[in-house]
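These notes are about the structure you will find just below.
The values are calculated or read from the model by the stated rules, or taken from the named source; none is laboratory data. These numbers were taken from a predicted model, which means no experiment stands behind them. Because the Cβ atoms are built from the backbone with ideal geometry, glycine has one as well, and the counts that use them run over all protein chains shown. For the accessible areas, the whole protein counts, side chains as well, though only heavy atoms, and no ligand, DNA or RNA atoms are used. Shrake-Rupley method; radii C 1.70, N 1.55, O 1.52, S 1.80 Å.
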Amino acid sequence: MRTTRAVAVAAVAVGAVGLAAPTASAWADPTNIVAMPSVIPRGGHLTVTVDGSSCQSPGSKITSHAFPDAKLHSIAGGTTASATAIVHSHTHPGAYDITAHCGGKTLTRPAAFTVIHGGVRGGFGGSTNSGATGTDMAIGGALVTAALVGGGVFWMRRRAENKI
């Protein structure tokens, strides 16, 4: 009697897994869209990778309002494809979606990347040209003075302890 129950439970489990497998594979292509860099100036080059074996088929492409359609090219050794797109020079700053069209299926990633007005501020930590203000200098000077006074007091006390 116990063997019959075990066989029945095993049959139900196999049936459930068998019915779930086609559903899981239906969502397999495409599965993920990644845009690098995620923040880009107008006119910049954007590299987009898409996971999914159907994205390696001819005719697969990515689309967005920020750049012209770009053809996906397969990456060897996996199920990933990539494309390089150039953001339009007249694109308005803001977040943009990317849609992948692969083998008759589509996947949209909302706000996949952000277009900014100019280039990224670089240099010394993205600092501005104005430099430190008078308040910054006063605070810094006070901290240095406090450190020197504290170090002098500590040194004098240690010297006094050695004489005893």
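A few remarks follow.
- Conditions (1) at pLDDT 80 or above; (2) open to solvent by less than 100 Å² (accessible area, probe 1.4 Å); (3) in a helix (DSSP H, G or I); number of the one not met by Ala160: (1)
- Scan segment 75-91 for residues that are within 21 Å of the chain's Cα centre (by Cα) and free of Cβ contacts under 8 Å to residues at least 24 places away in the same chain and the total you get is 1.
- Residues of segment 132-142 satisfying the condition of being in a helix (DSSP H, G or I), loosely packed, with under 10 Cβ neighbours inside 10 Å and of a type outside the set (Gly, Ala, Ser): Thr135
- Residues that are exposed (fewer than 15 other Cβ atoms within 10 Å of the Cβ) and not β-branched (Val, Ile, Thr) within segment 97-119 comprise Gly104, Pro110, Ala111, His117, Gly118, Gly119, listed in sequence order.
- Annotation: of all residues in segment 112-157 being hydroxyl-bearing (Ser, Thr, Tyr) and modelled with pLDDT of 90 or more, the one that is nearest to Val50 (Cα to Cα) is Thr114.
- Spans of strands (runs of 3 or more DSSP E) in segment 29-96 with at least 2 residues open to solvent by 60 Å² or more (accessible area, probe 1.4 Å) and among the polar types (S, T, N, Q): none
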